[in-house]
1. Output wanted: per-residue J couplings in Hz (rounded whole) for the stretch 17-31, from phi through Karplus 6.51 cos²θ - 1.76 cosθ + 1.60, θ = phi - 60°, x for Gly and Pro.
2. Have a look at LEU140, LEU98, GLY109 and report the one farthest towards the positive end of the charge dipole of the stretch 71-157, computed about the Cα centre with Cβ charges (Lys/Arg +1, Asp/Glu -1).
3. Between ARG47 and TYR218, what FRET efficiency comes out of the Förster formula 1/(1 + (r/R0)^6) with R0 = 41 Å and r the beta carbon distance, rounded to 0.05?
4. Helix-only estimate, please: 222 nm mean residue ellipticity of the chain, summing -39500 (n - 2.57) across DSSP H runs of length 4 or more and dividing by its residues, to the nearest 500.
5. Label ALA76 and GLU58 with points 7 Å out from Cα along Cα→Cβ: what is the distance between them in nm?
6. Rounded to the nearest 0.05, what FRET efficiency do LYS26 and THR123 give with R0 = 25 Å and r taken as the Cβ-Cβ distance? Could you check?
7. Which value, in debye to the nearest 20, gives the size of the charge dipole of the stretch 158-238 about its Cα centre, when Lys and Arg are +1 and Asp and Glu are -1 at the Cβ?
8. Using the eigenvalues of the Cα gyration tensor, what equivalent ellipsoid semi-axes result for the chain when each is taken as the square root of five times the eigenvalue, whole Å, largest first?
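Read-outs: derived from the displayed coordinates by stated rules, not from any lab. No experiment lies behind these values; they were computed from the predicted model shown. Here the Cβ is made from the backbone with ideal geometry for all residues, glycine too, and neighbour counts use every protein chain on show.
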Amino acid sequence: MSTFQVTDTIARILKVCPETSRVFEKAGMDYCCGGGVSLEAACKERRLDTAALLTELEACAGIEHASEDVSTLSLAGLADHIESTHHAYLRAELPRLLAMTEKVAMVHGGKESRLLRVHDTFTLLARELSEHLDKEEQILFPMVRQLDGGAEASAFHCGSVANPVAQMEREHDEAESSISELRALTDGYVPPKWACGTYRAMLSGLARFEGDLLIHIYKESTLLFPRAVFREQALSAR
């Protein structure tokens, strides 16, 4: 059974699945102020293939994120997985959410002052996470891959792999603190009844962002980092 119909308004589609905002953005369609028109009418206005767009919307609404078992991956394989999955997601999503939090704060901040704090908190978090990803990709992950290949700590310019690991763990704690603040400021990412399409899409995006980040941190703090430190110790003891 189809989730959406061509006669559904854009606002209704977004209410059912806020993640479809990505599809509307890609198509260049106004899903905020123009959310009251039907999908069919909006596509006709922009000369878009209604059936093709409907298929994309259905696919977006039906996406299921399978839980992948990464515990059996090698150290290098786990680092590659985290980089290609979670780092890639953040690099694509941070600018999008940053623009959304700014827009929502500008439009609705006068009515709900907490939205100004949401934008400020996310702006700082996005900058810190971008720097965090750079450190991992340029310093820590290359060390992890070298350890997987048999290199010892003496080969590293910053000494033991435990040094950058400790720094990354501190930054994980800071990120989780910011996430807790965002959740509190948005009432658990639940939109008020008067929220527009962009507001709802922002909250949905923040909720998904939190979920991915917590899984990301889990894979590093519970799997990658302890195994890297253990591998280094084992190599040093040979």
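1. Listing the rounded values in order: 8, x, 5, 5, 4, 5, 5, 5, 4, 4, 7, x, 9, 7, 9 Hz.
2. Result: GLY109, furthest along the dipole toward the positive end.
3. For TYR218 and ARG47, the calculated efficiency is 0.35.
4. -20500 deg cm²/dmol
5. About 4.3 nm, to one decimal.
6. Computed FRET efficiency for LYS26 and THR123 comes out at 0.55.
7. 300 debye
8. That gives 41, 21, 13 Å for the three semi-axes.
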